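The values are calculated or read from the model by the stated rules, or taken from the named source; none is laboratory data. Just so you know, these numbers come straight off a predicted model, no measurement behind them. Backbone-built Cβ (ideal geometry, glycine too); neighbour counts: all protein chains shown. With ligands, DNA and RNA removed, areas are computed over all heavy atoms of the protein, side chains included. Shrake-Rupley method; radii C 1.70, N 1.55, O 1.52, S 1.80 Å.
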Amino acid sequence: MAKKPQKAADPNYKVIAENRRARFDYAIEEDIEVGIILTGSEVKSLRENSSNIAESYAAVEEGELWLVNSYIAPYERAMFKHEERRRRKLLASKRELSRMWNDTQRKGMTLVPLVMYFNHKGKVKLKIGIAKGKKNHDKRETEAKRDWSRQKQRLLKQG
């Protein structure tokens, strides 16, 4: 039987920034994809330079969703420069917004940016996790589980 040709990776999809520490510090219950409003120099900068979402967070304020303290490197050839750490508006449906507000205000959850990427259409998207902060003993437990799973994989490979 002939093998099916594998689909080539999407040329437009590209991870811009990832918050790897988020899964260690928070127990993520759900993640939501949202759009982000950017200026032209910010998009050009994201295409070639770096950005950082590790110290940033999202917040629902006055019925709008904002990304606070994210860093996008300045674009040198831009005619109109952008602020590197400005608040950026995020785009979500009203239903998602009200659910996020409910989770953060009533249930004590946090909105944590997980990944910023270009989707298959070339648009910048942000994946936000609705998360609850972990205590130190939870972090140790997660690390112990991870170590044990690595050890199991090694034993299975050897045996």
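Taking the options Glu55, Glu61, Glu84, name whichever one is in contact with a strand residue (DSSP E or B) (Cβ under 6 Å, 6 or more places away or on another chain) and under 28 Å from Ser41 (Cα atoms).
So the residue among Glu55, Glu61, Glu84 that is in contact with a strand residue (DSSP E or B) (Cβ under 6 Å, 6 or more places away or on another chain) and under 28 Å from Ser41 (Cα atoms) is Glu84.
Within segment 122-159, restricting attention to residues that are out of contact with any Asp or Glu (no Cβ under 9 Å at 6 or more places or on another chain) and within 30 Å of Val43 (Cβ to Cβ), which residue is most open to solvent (accessible area, probe 1.4 Å)?
In this case the residue turns out to be Lys123.
Hand me the list of helices (runs of 4 or more DSSP H) wholly inside segment 1-115 holding 2 or more residues that are at pLDDT 90 or above and surrounded by fewer than 16 Cβ atoms within 10 Å (Cβ to Cβ).
Passing ranges, in order: 94-105.
Which of (1) without any contact (Cβ under 8 Å) to a residue 60 or more places away in the chain; (2) of a type outside the set (Gly, Ala, Ser); (3) more than 16 Å from Arg23 (Cβ to Cβ); (4) not in a helix (DSSP H, G or I) does Gln153 not meet, given it meets every other one?
(4)
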